[in-house]
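*Asks:* Below you'll find the structure I mean.
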């Protein structure tokens, strides 16, 4: 869907090649499937890996692994690290939530050139706070000092979440059907993806530290807050918003909108005989995305390929429940519907996109 012919910034120009990433995942798929035992449920590529719990075959363990990406470079520039810990946990919570799972426990991996105890303490404060909010335990992790691999004062962070869902309540998109409605839950910013493009567009280079810090303190009139506050706002968890609807039998699909945008993530759960039709403009677009698009002359197709564009989580449900959710939750909007597929190659269609 990317418009690489645009004269403006693209994710690839910023150093991230999603096309090669997709090819690599396709190549490793068969190798991964070759490890599967009879207790593995589902296929490679869903938001969480599913495994039947030993001793309790009706209980499914759901796991996820992810990182915060280059958002950590902005945290280093700003000297604000607590939110990065929140980001890591909440991203993982949202991923396993897509299978209908509640969190059980979490592990982390922190790697740096040289340990700064204050930085690690801030990150851990964020992680532990988010774990408490999610009702899960932080049971372990690894702290690695790797000079020569990481630049001075930088670090990387990865997280590993395990949750559980009863098989009868598992949600994998297989029951999605024509006539169901699509509910989008509002994002509060970029969350944890697209930062390589945003940093390139906004002039936030880690090579030019003083200028980048100055830009982070800028308050663009269109967003009404500093760039640092807007870009470093922690990734929210959607657990408490979604859980009340999980066991109703009327929720048929859940998608966490991260790298790949609305279409790239929603298509992971849409059956071959359906198309999810999304109406752009059915939800408020955050001013931050408009700022990034205008400053970088980024094509609309590229924006929707890379960013969540104001929708952080998607729920597909029976029409009555979808309307109830949109009525009850000010952060939820009906953004589309499920139709019968007219082409097997189009699982998600975005309607109303501007040409800019």
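*Asks:* Expected output is a single nm value to one decimal: the length gained when fully extending between residue 33 and residue 294, i.e. 0.36 nm times separation in residues minus the C-alpha distance. What is it?
*Replies:* My answer for the length gained is 89.7 nm.
*Asks:* I'd like the distance separating the alpha-carbon centroids of the range 283-352 and the range 136-178, in whole Å.
*Replies:* Distance between centres, Cα-based: 25 Å.
*Asks:* Here's something else I'd like to know. Assuming R0 = 35 Å, can you tell me the calculated FRET efficiency for the pair residue 44 and residue 226, based on Cβ-Cβ distance, to the nearest 0.05?
*Replies:* About 0.30, to the nearest 0.05.
*Asks:* Could you work out the per residue convex hull volume over the alpha carbons of the chain, in cubic angstrom?
*Replies:* That works out to 146 Å³ per residue.
*Asks:* Taking just the C-alpha trace of the range 37-170, give me its Rg and Dmax in Å.
*Replies:* Computed over the Cα atoms of the range 37-170, radius of gyration and Dmax are 16.1, 49 Å.
*Asks:* Relative contact order (percent) for the chain, with alpha-carbon contacts under 8 angstrom and 6 or more residues of separation?
*Replies:* So the answer I get is 22 percent.
*Asks:* Sort the following peptides by mean Cβ neighbour count (other Cβ atoms within 10 Å, averaged over residues), highest first: 162-169, 312-319.
*Replies:* Put in order of decreasing packing, that is 312-319, 162-169.
*Asks:* Give me 67, 174, 92 ranked fewest to most by other Cβ atoms within 10 Å of their Cβ, as a rough exposure proxy.
*Replies:* With the fewest neighbours first, 67, 174, 92 line up as 174, 67, 92.
*Asks:* Express in whole angstrom the spacing between the alpha-carbon centres of the range 215-253 and the range 79-121.
*Replies:* Each part reduced to its Cα centre gives a spacing of 16 Å.
*Asks:* Enumerate the residues in the range 324-356 having an amide nitrogen under 18 Å from the point lying 7 Å beyond the Cα of residue 285 toward its Cβ.
*Replies:* 333-336, 349-356
*Asks:* Want the number for residue 139 to residue 125: 0.36 nm per residue separation, take away the alpha-carbon distance, what's left?
*Replies:* In short, 3.6 nm is gained.
*Asks:* Among 96, 123, 334, which comes first, then next, by fewest other beta-carbon atoms within 10 Å?
*Replies:* 334, 123, 96
*Asks:* Quickly estimate the mean residue ellipticity at 222 nm for the chain, helices only: each DSSP H run with n ≥ 4 gives -39500 (n - 2.57), and the total goes over all residues, rounded to 500.
*Replies:* After summing the helix terms and dividing by the residues of the chain, the value is -10000 deg cm²/dmol.
*Asks:* Related question: Can you tell me the length gained on complete extension of the stretch residue 324 to residue 342, counting 0.36 nm per residue apart and subtracting the Cα distance?
*Replies:* Difference between extended and current length: 3.6 nm.
*Asks:* I've got another one for you. Give the Rg/Rh ratio for the range 231-356, taking Rg as the radius of gyration of the Cα atoms and Rh as the Kirkwood radius, to two decimals.
*Replies:* 0.96
Quick note: the coordinates plus some simple rules give every number you see, no bench work behind them. As the structure is a prediction and not an experimental result, all values here were calculated from the model. Glycine gets a Cβ as well: all are built from the backbone with ideal geometry, and neighbour counts include every protein chain shown.
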